[in-house]
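Notes follow the structure.
What follows draws every value from the coordinates through simple rules; no lab data is involved. Keep in mind that what you see is a predicted model, and the values were worked out from it rather than measured. As a convention, Cβ positions derive from the backbone with ideal geometry for all residues, glycine included, and neighbour counts pool all protein chains shown.
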Amino acid sequence: MQPSVTLTGNVVNDVVLRQTSGGPVANFRMACDNGYRDRRSGQWIERTVYLGVSAWRGLAENVATSVFRGQPVVVVGRLKQREWERDGQKVTVIEVDAELVGHDLVRGTARFARTSRGPQTADLAREVELAGDAARSGSSTYVTDGAGWGVPGLAAVGAAAPEPGREPGLELDPGPGLEPGAGVDGSVGDATAA
């Protein structure tokens, strides 16, 4: 495992997203202030280091849609060194292979939006609602919304008024031979889901 570095600075160009055989990659350059106080003169010496940053796969796509020129960012990643020769001169470049990229919240605010990766809580809540509607109308206890997501074994609490002190909701359908709310041993308990 290689050690990681944490860098803060400003994005100095537009993020470039390209497709490679290894998946999508996003590249940008960042300027990191590296000032220091000169002990001899006592003056503050401003020095800026420019580094290239590469982000791969899912991180690349998120960086391409979230990070823009001029924004302050925090980058965590591994340093890598590339060398080549140009016009007889040896060129060495230090870059960062990013593991994490985020906005520097010391210098501003940001809003987070989760990326879609399969069914999320809202999708599952919709499935439960569809299953309840289907059960109240007397159809099957396995319902899908057309996208293929289903909730097997859910049945709505009857359309009649709920028991006193009990909210209407969904219960697991115990299957044939057991009444709703029955445990494995057949005893009836409170098994409702709010």
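Listing for the model above:
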{"read-out": "Relative exposure of 20, 65, judged by other C-beta atoms within 10 Å (fewest first)", "value": "20, 65"}
{"read-out": "Label-point separation in nm, residue 18 to residue 49, each point 7 Å along Cα→Cβ", "value": "2.6 nm"}
{"read-out": "The range 3-24 and the range 41-93: distance between their alpha carbon centers, rounded to Å", "value": "8 Å"}
{"read-out": "Extension gain from residue 57 to residue 112, taking 0.36 nm per residue of separation minus the Cα-Cα distance", "value": "17.9 nm"}
{"read-out": "Net lengthening on full extension, residue 124/residue 136 (0.36 nm per residue, minus Cα-Cα)", "value": "2.5 nm"}
{"read-out": "Approximate shape of the range 5-103 as ellipsoid semi-axes (Cα gyration tensor, √5λ), whole Å, largest first", "value": "27, 19, 11"}
{"read-out": "Full-stretch length increase - residue 87, residue 41 - with 0.36 nm per residue and alpha-carbon distance subtracted", "value": "12.7 nm"}
{"read-out": "Calculated from backbone phi, Karplus (6.51, -1.76, 1.60) coupling profile of the range 76-83 in Hz, x at Gly/Pro", "value": "10, x, 10, 6, 9, 10, 10, 10"}
{"read-out": "Packing-based ranking, highest mean first, of 30-36, 67-73 given that Cβ atoms within 10 Å are counted", "value": "67-73, 30-36"}
{"read-out": "Long-range HN-HN contacts of residue 12 with modeled amide H, under 5 Å", "value": "29, 30, 31, 70"}
{"read-out": "Relative exposure of 37, 126, judged by other C-beta atoms within 10 Å (fewest first)", "value": "37, 126"}
{"read-out": "Projected-area average for the range 1-63 over all orientations - Cα convex hull basis, square nanometres", "value": "6.0 nm²"}
